[in-house]
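The values are calculated or read from the model by the stated rules, or taken from the named source; none is laboratory data. Bear in mind that the values here come from a model prediction, so they are computed numbers and not experimental data. Every residue, glycine as well, gets a Cβ built from its backbone with ideal geometry; the counts of neighbours run over all protein chains shown.
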Amino acid sequence: MQPSAVVLAGLIVASSVPVASAQTVTPSSFQVAPAAVAISDGGEPAAPGDAMAGEDGAATPSFFESIGHDFTGFFSRDTFRIVGGFAVAGLAAHPIDAASVERARARLPQSAAAVGNWIGSLPVQAGLGFAVVAVGHASDQPWAKKSRQLGGDLIRAQIVTQTFVQGTKYAVGRERPDASNSRSFPSGHTASAFATARVFQQHFGWRAAVPAYAVAGFVGASRMASGKHYLSDVLVGAGIGIAGGRTVTLRLGRDNFAVGAAPTAGGAMVTLTKR
């Protein structure tokens, strides 16, 4: 089954807790924003130096050379579309930021939120990449090279994403909902989880993308339920993560989804539209 559009409603939540449920929800009227914000992320071709080794045995840039290409490649029209689209959704959600945090706290048990916080943490997200690389190095089977490339992409996605996330945190200085510090905007945990989801989307297609984005949405909801982030923090973090994951996988040429975000009554939704 290859649907023309897959809608993951309430992933970055407020209004529905079972983040992984397969419900399709029609966004209710929202007085500040239009019903949906569509984000086109059609891929731009990678620059000549960006391609990593393919099946043809072409020379592979070193890890640090690839990181350099990632940072320059991040600044593109497609990045602007992705991050800009999520920023618009975040701006539209700003008036309900406080209410969304309270709703998430009421609907998502703290025990579940603790799991989401752990999943979205940088040690877990980056550790996944290192683990996949280690598995690839432990075998000389044909799949091992792809495992190493996947793990490298996961690690690079975290480096690129967190560089921009942490820089923005210190530049903006927004206080967290629980007043613990002034590093609320944007959500780093959410950005990490969405960066991983985007890498999985590019490597494996929509069958991997749907559950990966569902997990990322659960992380965003958990950050809100824990009082660490507002809805707008989560939305912008998701946009930066998706852009970071896309940047490190440009060579794969699989940009067959349009990813979108929209506020709904009391929450938000992420949409995956198969082209």
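Scan Ala113, Ala99 and give me the residue that is outside any loop (DSSP other than H, G, I, E, B), among the small types (Gly, Ala, Ser) and either under 26 Å from Leu250 (Cα atoms) or in contact with a Ser or Thr (Cβ under 9 Å, 6 or more places away or on another chain) (or both). The unique qualifying residue is Ala113.
Scanning the stretch 72-87 for residues that are crowded, with 20+ Cβ neighbours inside 10 Å and either free of Cβ contacts under 8 Å to residues at least 40 places away in the same chain or β-branched (Val, Ile, Thr) (or both) yields Thr79, Ile82, Val83. Note on the stretch 179-202: residues that are assigned to a helix (DSSP H, G or I), in contact with a Ser or Thr (Cβ under 7 Å, 6 or more places away or on another chain) and at pLDDT 95 or above total 5. A search for C-beta distances below 8 Å between a residue of the stretch 101-123 that is in contact (Cβ under 8 Å) with a residue 60 or more places away in the chain and more than 25 Å from Gln158 (Cβ to Cβ) and any residue that is among the acidic types (Asp, Glu) and buried (at least 19 other Cβ atoms within 10 Å of the Cβ), counting only pairs 6+ apart in sequence or on different chains, returns nothing.
Between Gln158, Gln162, Gln149, the distinction of being assigned to a helix (DSSP H, G or I) and over 15 Å from Ala238 (Cβ atoms) belongs to Gln149 only. If you go through the stretch 237-257 one residue at a time, do you hit one that is closer than 27 Å to Ile96 by Cα, surrounded by fewer than 24 Cβ atoms within 10 Å (Cβ to Cβ) and at pLDDT 85 or above? No, the conditions are met nowhere in the stretch 237-257.
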